[in-house]
Structures are given as structure tokens and as C-alpha cells.
Amino acid sequence: MRFIKFFAVALSLYLPSAAFAQNVVVELFTSQGCSSCPPADDILSELASKEGVIVLGWHVDYWDYLGWKDEFSRPENTDRQRGYRDRWNLRSLYTPQAVIHGEAQTVGSSEQDIRMYVDQFQAEKPLLEINFNTSEAVAIISVSALASRLPAADIFLARITPEATTSIRRGENAGRTISYVNVVEAMTWIANWNGKSDVTVRASIRGDSKYVVLVQAKDFGPVLGAEYLN
């Protein structure tokens, strides 16, 4: 089941005339206990090398009872997927599920659909600009609107593991060795943003970790912007 966005079409009426590509965020809800997920994990790995695409792997925990506990699974990841489910009135959670830019969703192994949405959103002008400076322990992040009438949003900082490989010994994927990209270790809420005024916020970081800044409209709305922090 797929959802075509309407929000961004309306926003396009207020975009500035300058044209340059925006980063498109592809989120994959996956599990090591799901036999249908490895093809989706491979697609996410391929998309990670595509310019202007930021991928996030969210490992959910509701398949952990099948004989193998996903080492990356977190209840918070499942909570995030529930947020999208409730927003779109889906009947249930499922894996693999891909959410593209917070505006469309499809089966995570449907490469054609995912790439179609990525191309669609990359063709749009960016809605905001994200700048940052980092030290070993602190990131200073600035967000500026590039369009008018943007909705209120949350600013998040996601800590990621860029690459990981797991040999699965039990469960539906027993005997398989699967590689992952941009596994979300944790996501921290940093600040509210009113969608209008420039804002600068500080966040604690680990100097040896990688991060993604994510600005998303309230209540699991569209992604307004995202950048790799380092």
C-alpha cells in the first residue's frame, strides 16, 4: 500500500525560485527475525551510496520472539513505526516497510517504488537549510527556512552505525550473514522549530559516532530536511 503525498504539492506554491536538490530520507523498518527483510536491507545499502539520499535503518523488536533476538532492535524503533501506522491509518505493523521522506510508504523490498519516490522528492526544491559546527562533544546546529508557511517541526539527532554485519544463527534467517547500513542506535529530540524563525541549538555528541540531523513536521509529518552531521 502506498500513499502519494499532497503536502509537498501545496508547499511548492511557496518555494523560492532557486533550484537545487534536497536530501531525501529513506527509512527502513526491518528485523533480523524477518525472512522477507534481507532483500530490503540490500536495497537500503544500495541507496546509501546514491547522492542526495540519507538512509536510516530502524530495527523493530516485535519479531524477536521467533527464536532470534535482533541485536539492533529497540522498542523505540517500533514506537516510531507505530507513529507512521497511526498517521496513515494502517491496519497493522509490518516488515519490511520503507518510508520515504515521511510522505510515502511502501513495502521495503519494492525497489522500483522506492526509487520512484526518491526521484520524485529529489526533484523538489529544499524547504530549509541546515548548517552545523561540531567539536568532540558538542554539535551546534542551525536551521533556516527556505520557504514560507512551513509547519511546526521537531529537530532530532539520530546516532547511527554506518556499517554492520551479523551472522544469524537461529530464527527465520538462520545461517545467513547480513550486512546493514546506517543502523539507528538512538534518536534524540533536540528542539521544537516554529517553521519560520532561524533557530540554533546545541546537542551533545560522541566524537567517535556518526549522526544524522532530521527536521520533521510534528506528529510524524513530512521530513522538511536532513543532513549527515559528520
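Throughout, read-outs are computed from the coordinates displayed, never taken from laboratory work. Here the structure is a predicted model, which is why all the values come from computation and not from measurement. Neighbour counts are summed over all protein chains in view; Cβ atoms, including those assigned to glycine, are modelled from backbone coordinates with ideal geometry.
State whether one or more residues within region 127-147 are touching a helix residue (DSSP H, G or I) at 6+ places or on another chain (Cβ under 6 Å) and in contact (Cβ under 8 Å) with a residue 60 or more places away in the chain. For region 127-147, residues touching a helix residue (DSSP H, G or I) at 6+ places or on another chain (Cβ under 6 Å) and in contact (Cβ under 8 Å) with a residue 60 or more places away in the chain: present. Scanning region 180-213 for residues that are among the polar types (S, T, N, Q) and either crowded, with 20+ Cβ neighbours inside 10 Å or part of a strand (DSSP E or B) (or both) yields N182, T188, N192, T200, S204. Considered as a group, the residues in region 61-74 that are farther than 25 Å from A104 by Cβ and not charged (D, E, K, R) include one that is farthest from the chain's Cα centre (by Cα), and that residue is G67.
Scanning region 95-121 for residues that are touching a Phe, Trp or Tyr at 6+ places or on another chain (Cβ under 8 Å) and hydroxyl-bearing (S, T, Y) yields a count of 2. Scanning region 91-126 for residues that are within 24 Å of G33 (Cβ to Cβ), of a type in the set (D, E, K, R) and in contact with a helix residue (DSSP H, G or I) (Cβ under 7 Å, 6 or more places away or on another chain) gives a single hit, E111. Taken together, the criteria exclude T166 from residues that are outside any helix (DSSP H, G or I), touching a Cys at 6+ places or on another chain (Cβ under 9 Å), of a type outside the set (D, E, K, R) and under 14 Å from S31 (Cα atoms).
Report yes if A137 is over 16 Å from the mean Cα position of the chain (by Cα), loosely packed, with under 13 Cβ neighbours inside 10 Å, aliphatic (A, V, I, L, M) and closer than 18 Å to V26 by Cβ, otherwise no.
Answer is no for this residue.
Looking only at residues in region 99-124 that are more than 15 Å from K50 (Cα to Cα), polar (S, T, N, Q) and touching a strand residue (DSSP E or B) at 6+ places or on another chain (Cβ under 7 Å), which one is surrounded by the fewest Cβ atoms within 10 Å (Cβ to Cβ)? For region 99-124, the residue satisfying everything is T106. Residue pairs whose Cβ atoms lie under 9 Å apart, separated by 6 or more positions or on different chains, with the first residue in region 79-93 and free of Cβ contacts under 8 Å to residues at least 12 places away in the same chain and the second assigned to a helix (DSSP H, G or I) and surrounded by 13 or more Cβ atoms within 10 Å (Cβ to Cβ), are R91/R85; S92/R85. Among the residues that make up region 72-95, is at least one of them farther than 30 Å from R206 by Cα, in contact with a Ser or Thr (Cβ under 7 Å, 6 or more places away or on another chain) and not hydrophobic (A, V, I, L, M, F, W, C)? Yes: one or more hits. Which residue, of I140, I130, I155, is assigned to a strand (DSSP E or B), under 30 Å from C37 (Cβ atoms) and hydrophobic (A, V, I, L, M, F, W, C)? It is I155. For the subset of region 26-59 comprising residues that are within 14 Å of the chain's Cα centre (by Cα) and among the polar types (S, T, N, Q), which member is nearest to P75 (Cα to Cα)? Among those that are within 14 Å of the chain's Cα centre (by Cα) and among the polar types (S, T, N, Q), it is T30.
Within region 47-69, residues that are touching a residue at least 60 places away in the same chain (Cβ under 8 Å) have Cβ atoms under 6 Å from residues that are of a type in the set (F, W, Y) and part of a loop (DSSP other than H, G, I, E, B) in these pairs: H59/F72, counting only partners at least 6 apart in sequence or on another chain. Taken together, the criteria place G102 among residues that are at positive phi and in contact (Cβ under 8 Å) with a residue 60 or more places away in the chain.
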